[in-house]
Amino acid sequence: MDLGEGLRKAIARLSGATIIDVRTIREFNRELQRALISADVELSLVSAITKRIEDAALHEKIPEGVAPRDYITNMVYEELVRLMGRSYAPEMKPKRILLAGMYGSGKTTTAAKLARYYQERGLSAGLICCDVARPAAFEQLETLAKDANVAFFGIKGEKNPRKIVEKAMDELRSKKVLICDSSGRSALDPELISELKGIAGAFRPEEKLLVINADTGQVAGRQAREFDSAIGITGVIVTKMDGSGKGGGALSAVSASNVNVTFIGTGEKLNALELYDSKKFVGRLLGMPDLETLLEHVNTAIKEANINPEEVGTELNFETFYTQLKAMSKMGPMKGMLGMMGLADVPKDMVEQGEQKLKLYKAIIGSMTKEERRSERLVRDRGRVRRIAAGSGTTEKDVRTLLSDFNKMKKFYELFKNDRNVRRNLSKFMQK
């Protein structure tokens, strides 16, 4: 059970509470403690939070008209935001960034994600490979740079990272943001400290970011303090937040170390990097919609799929539906998208079935002719159904299921298109 699921289950226990008494709040706090401790949040922080919640719930007067459950939920939200630290907003200006971290932290992939992030916002970016210890580090970063469409520099076989960075600064001088990927180690030893100080002396970075794997949990706090003492870090990027049950512990531990979390990694794809916003993060844990981030993902996916935004909103046929499926495939796992919509507790098997269905539909439509995509009536022909099924590696039943689901979707789409009030409210929301 991840932290969000545990928190939502704890709050769900309050649904039937009409009053908040000692027994109710202590039962709730036990559930809350269990969720936080299972996420590897430090015990002293957990105790402090639940004590503040108990004191406030039992000794403060609930505002008139506010339900006990909502009052406690808001209290938990505010306490968790405080626990998870400040939000981050980077300055969009030319800069040099040095990334440091242990083996397995996801540092190299994060370097490419970060370069892509800045370049998409108008600052041309370049990646520098100063990882001289790990085999194939050069090839990995070079490949990632191509995938991210950013510049790359490295000297294969060179063991002196200072020489590499000095040459890179000349070769990539036209780029606005330079990101240097350094070597990792299994521990912060004197050799790594010396190497990082040498790179920093030549590179003169405005930002020195430590990359930490979310699986380290509360150990992330110790790592942050050690690296800060050694080279003076300006922030932390926490990676692999999507697959770790200890992400909450990592974030809270970094915050307790008085170091700011700057970004979080939420998947393997290059677009799976988010600015850290503690309010949005906690809101999603508690099942609150994060439509702003969802819209950002939608717009990015449309650009990545080379889709004209006008195509997405025209007449719905298999052609436009296929375009939308391509965009959705760029948005990452469905579980993450549902979480941003406030639907984090959709059963896992339903999410998996939904993802499989979308892949199936994409394959089926990919086997249609242009004429069939533009007119679903043609697809009703038995011979065409047979041909499409064979071409997509599916069954005739799968093709007919798509036809049935598509017709239901089209009816809903037509209702939406003809409802001026819905369109007007959506338009206002999009302009915010």
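The values are calculated or read from the model by the stated rules, or taken from the named source; none is laboratory data. Because the structure is predicted, anything quoted here is derived from the model rather than measured. Counting neighbours? That spans all protein chains shown, and the Cβs are built from the backbone with ideal geometry, glycine included.
Figures for the structure shown
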quantity	calculated
Residue match in region 167-188 (condition: within 20 Å of T109 (Cβ to Cβ) and among the acidic types (D, E))	yes
Set G245, G249: member being over 22 Å from A148 (Cβ atoms), among the small types (G, A, S) and modelled with pLDDT under 85	G245
Single condition G243 does not satisfy, out of (1) assigned to a helix (DSSP H, G or I); (2) surrounded by fewer than 18 Cβ atoms within 10 Å (Cβ to Cβ)	(1)
Unique match (being in contact (Cβ under 8 Å) with a residue 24 or more places away in the chain and crowded, with 19+ Cβ neighbours inside 10 Å) among L58, L32	L32
Qualifying position, being farther than 20 Å from A272 by Cα, buried (at least 16 other Cβ atoms within 10 Å of the Cβ) and not charged (D, E, K, R), among L43, L80, L99, L127	L80
Some residue of region 21-32 being closer than 24 Å to S278 by Cα and assigned to a loop (DSSP other than H, G, I, E, B)	no
Selection from region 179-196 of residues that are touching a helix residue (DSSP H, G or I) at 6+ places or on another chain (Cβ under 8 Å) and either outside any loop (DSSP other than H, G, I, E, B) or charged (D, E, K, R) (or both)	I179, C180, D181, S182, R185, I193, E195, L196
Only one of I233, I199, I237, I212 that is assigned to a loop (DSSP other than H, G, I, E, B), in contact with a helix residue (DSSP H, G or I) (Cβ under 6 Å, 6 or more places away or on another chain) and buried (at least 21 other Cβ atoms within 10 Å of the Cβ)	I233
Residues (surrounded by fewer than 20 Cβ atoms within 10 Å (Cβ to Cβ) and of a type in the set (V, I, T)) located in region 179-196	I193
Pair list, Cβ < 6 Å and 6+ apart or interchain, from region 390-407 residues that are closer than 10 Å to L360 by Cβ to residues that are outside any loop (DSSP other than H, G, I, E, B) and not aliphatic (A, V, I, L, M)	L402/Y361
Hits in region 170-215 - residues which are free of Cβ contacts under 8 Å to residues at least 60 places away in the same chain and under 22 Å from E91 (Cβ atoms)	L172, R173, S174, K175
In region 150-178, the residues that are under 15 Å from S124 (Cβ atoms) and surrounded by 13 or more Cβ atoms within 10 Å (Cβ to Cβ)	V150, A151, F152, F153, A168, M169, E171, L172, K175, K176, V177, L178
Any hit, region 58-66, residues being assigned to a helix (DSSP H, G or I) and modelled with pLDDT under 90	yes
